[in-house]
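Values in this text are rule-based calculations from the coordinates and carry no lab data. Given the structure is predicted, the values throughout are model-derived calculations rather than measurements. Glycine also receives a Cβ, built like all others from the backbone with ideal geometry; neighbour counts cover every protein chain displayed.
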Amino acid sequence: MTAQLDANGKLRVLQETSELRAAQAAADDPAALATIPQLSTSDLKRESAPAAPTETSEISLAGGRGTATLLTNELPTDGIVYLDIALPMQGVAIEDVPYLPLLGAMVSSFGTSAHDETTFSRRIDAQTGGLSAGPQTLPTPGRSGCGFTVGERDSMSAYWMVTGKATTEKAGALFGLAAEMLTDIELDNRNRVVEILTQALSSMQSSVVSSAAAATSLLQARLTLAGQLDEAMEGLSVMATYRHALDQARDDWPSLLARLERMREAIVSQADGAIVNLSADAPSMAAALKHVPALLDGLPCAESTSPLSRWAYVPTESGLLVPTHQGLQVPTQVNYVAKCGAIYAPGEQVSGATSVISRYLGTSYLWDQVRVQGGAYGCSLGFSQIDGIATYSSYRDPNVARTLGTYDTTGDYLRTNRLSAADLSKAIIGAVGALDAPQSVYGKGSMALRRHMLGVTLEDRQVWRDQVLGTTADDFVNFAERLDKLIDSGSVAVVASESAIADANGVLPEGKRLEARRIL
């Protein structure tokens, strides 16, 4: 369009652009801000929102096979029973982990020995509000006398989840169908597996071009076992896994089927250590509880007494996490720019103030620099107190080098822009609002299960909330020193076009230039 302008027109565009950037960078008028009604931290509740009223009990399995855990969350579900079954997955061989999502897709949609795929699906639709299965992995924290510490690099929970819901009258059918999904799905259906893999590969190729997840998962895989397994199941490496599986399904189906059968056996034979999580109102809970023993007793016993597979974090470069700078080349006109690294070591305590700071940066400095002035659709700083990992990421970003430069100057921004009392109050209020975000009834029950898996207590949550409410301006400056670690030790992954990667490398200093590799 500028080619159609004369010299005066081009000069006018440059002047208007300069004026716009100046306006974007200018601080808001304090007098105008003062006219906006505001809460204060004194308006906030000091106590953590009550958790779901969870009762925990142990169930002895028939035949002395061990024990399972039962969680019951009595909630106003209006006659609906919500069921979660969690089976430990560490019996699955580590080399089979990348195939777990494929197994989940199969058991969630195939037929059984007695009912074909269509009939079984119709039974689920007619008698439940949905039923599905798949893997779930979570990094887990360490413990100290007064709250959490950052967990070890291979500290995690891993469960095979079966999740569903039904009305009180159909509670028996819900449990029965869940048991069939666990033990009786017919996996020997090569044509459907080929179809699933073909569709999955097509979806993955599209998502890489339109999502920052590929970049962030690649970086987090370098830092923890949970990150490595998540990347193996959901990241870029899945495409290679599924291409191999597709070739095997076509040319050597018995070998792929044997792997899948072995994986399922390793999962369903782990009733010892299973968790059953029920969320329902009192009458519905009573109707559902009577089906729990039969469900657990119907799971097969492990035929082998050999120890479970050892899942271990495998660091790079003999334990030295040498930063990498990767340019993931795809056919796209926009970029996704991620930078990631551990800013807390295992065993260190993390304050709730970090949630205030990371959220504040995403709505102030990063928003202004990357979104408003840089033109990206979005930018954030994610930080996990469980593994101590900080992750910058931008979404649909026209820049690469500029955004990476913004990430590296975040610490300087925190040091040189000390928060006023009013800004600190707003930051704390925003973080508390995120803590107190409303949840659905099922969400409350699901969160109760997650907290059980992580070992989170009400006391832990109160400690965290107290730290959030007690955040000071000095905490922001102290966190700046943590973020400074990423300047040299953080790893970078950029999803961009060949030309965007080349342009960035023309600006980036030696040692931080992107190593381009085509991924599509």
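Return the Rg/Rh value of segment 54-297, two decimal places, where both radii are evaluated on C-alpha atoms and Rh is the Kirkwood radius. It would help to have the intermediate numbers written out before the result.
Numbers: Rg = 19.1 Å, Rh = 19.4 Å.
Using only Cα positions, Rg/Rh for segment 54-297 is 0.98.
List the residues, sorted by chain then number, that are 5 or more residues from H325 or on another chain and whose placed amide H is less than 5 Å from its amide H.
Under 5 Å from the amide H of H325 lie the amide H atoms of V492, E515, each far enough along the sequence or on another chain.
Have a look at the DSSP beta bridges in the chain and tell me what percent are antiparallel, nearest 5.
80
Would you please name the trypsin sites (Lys or Arg not before Pro) within segment 310-385 that are DSSP coil residues with at most 14 other C-beta atoms within 10 Å of their C-beta? Don't skip to the end; give the middle numbers.
Numbers: sites: R310, K339, R359, R371; in loops: R310.
Hits after loop and neighbour filter: R310.
When only DSSP loop residues count, what GluC sites (Glu not before Pro) in segment 57-146 have their Cβ near at most 15 other Cβ atoms within 10 Å? Present the calculation step by step, with values, prior to reporting the outcome.
Values: sites: E58, E74, E95, E117; in loops: none.
Sparse-neighbourhood loop GluC sites (Glu not before Pro): none present.
After finding the eigenvalues of the alpha carbon gyration tensor for segment 201-254, what semi-axes result from the square roots of 5 times each, listed largest first in whole Å?
On the way: eigenvalues 110, 45, 6 Å².
Equivalent ellipsoid of segment 201-254: 23, 15, 5 Å, largest first.
Loop-only GluC sites (Glu not before Pro) in segment 161-235, please: DSSP not H, G, I, E or B, and at most 14 other Cβ atoms within 10 Å.
none
Considering only DSSP beta bridges with both partners in segment 322-518, what is the antiparallel share in %, to the nearest 5?
Roughly 65 percent of the beta bridges in segment 322-518 run antiparallel, per DSSP.
Assuming 0.890 mPa s and 25 °C, estimate D for the chain with Stokes-Einstein, Rh taken as the Kirkwood radius over Cα pairs, in µm²/s.
The Stokes-Einstein estimate is 95 µm²/s.
When a footprinting reagent is the concern and you count Cβ atoms within 10 Å, what order do V337, V92, V209 take, fewest first?
The most exposed by this proxy come first: V209, V92, V337.
Taking the Cβ of Q228 as the centre, find all other residues whose Cβ is under 13 Å away and add up their charges (Lys, Arg: +1; Asp, Glu: -1).
-4
Amide H neighbours of L61 under 5 Å, at least 5 residues apart or on other chains, H built in the peptide plane: list them.
For L61, the qualifying residues are G66, T67, A68.
How would D272, D125 line up from fewest to most surrounding beta-carbon atoms within 10 angstrom?
Fewest to most other Cβ atoms nearby, the residues stand as D125, D272.
With the dipole of the chain worked out from charges on the C-beta (+1 for Lys and Arg, -1 for Asp and Glu) around the Cα centre, which of S203, Q15, A338 lies farthest toward the positive end?
Q15
Under 21 Å Cα to Cα from K485, which lysines show up? Leave out anything in the same chain fewer than 8 places away.
Qualifying lysines at Cα under 21 Å: K339, K512.
Go through segment 507-518 residue by residue and turn each phi into a ³J(HN,Hα) via Karplus (6.51, -1.76, 1.60, θ = phi - 60°); whole Hz please, and just put x for glycine and proline.
10, 5, x, 4, x, 10, 6, 7, 8, 6, 8, 6
For a footprinting-style exposure proxy, rank S364, S279, S157 by other Cβ within 10 Å, fewest first.
S364, S157, S279
What does the net charge come to around S48 if you take all other residues with beta carbon closer than 15 Å to its beta carbon, with K and R at +1 and D and E at -1?
Numbers: positive: K45, R46, K444, R451, R461, R465; negative: E47, D436, E459, D460, D466.
So the environment of S48 carries a net charge of +1.
Once both axes come from the Cα atoms, what is the angle between helix 253-268 and the longest principal axis of the chain, in degrees from 0 to 90, rounded to 10?
80
For segment 322-518, compute the orientation-averaged projected area of the C-alpha convex hull (one quarter of its surface), in nm². Write down the numbers at each step before the final one.
Numbers: hull surface 50.6 nm².
About 12.7 nm², averaged over all directions.
Under the definition of Cα pairs under 8 Å and six or more residues apart, what whole-number percent is the relative contact order of segment 93-235?
Contact order relative to length: 28 percent.
Taking the Cα centre of segment 322-518 as origin, work out the dipole magnitude from +1 charges on Lys and Arg Cβ and -1 charges on Asp and Glu Cβ, in debye rounded to 20.
Dipole of segment 322-518, to the nearest 20 debye: 520 debye.
In whole Å, what is the distance between the alpha-carbon centres of segment 197-266 and segment 46-80?
For segment 197-266 versus segment 46-80, the Cα centre distance is 33 Å.
Rg and Dmax of segment 39-148 over Cα atoms: what are they, in angstrom?
Spelled out, the Cα radius of gyration and Dmax of segment 39-148 are 20.1, 62 Å.
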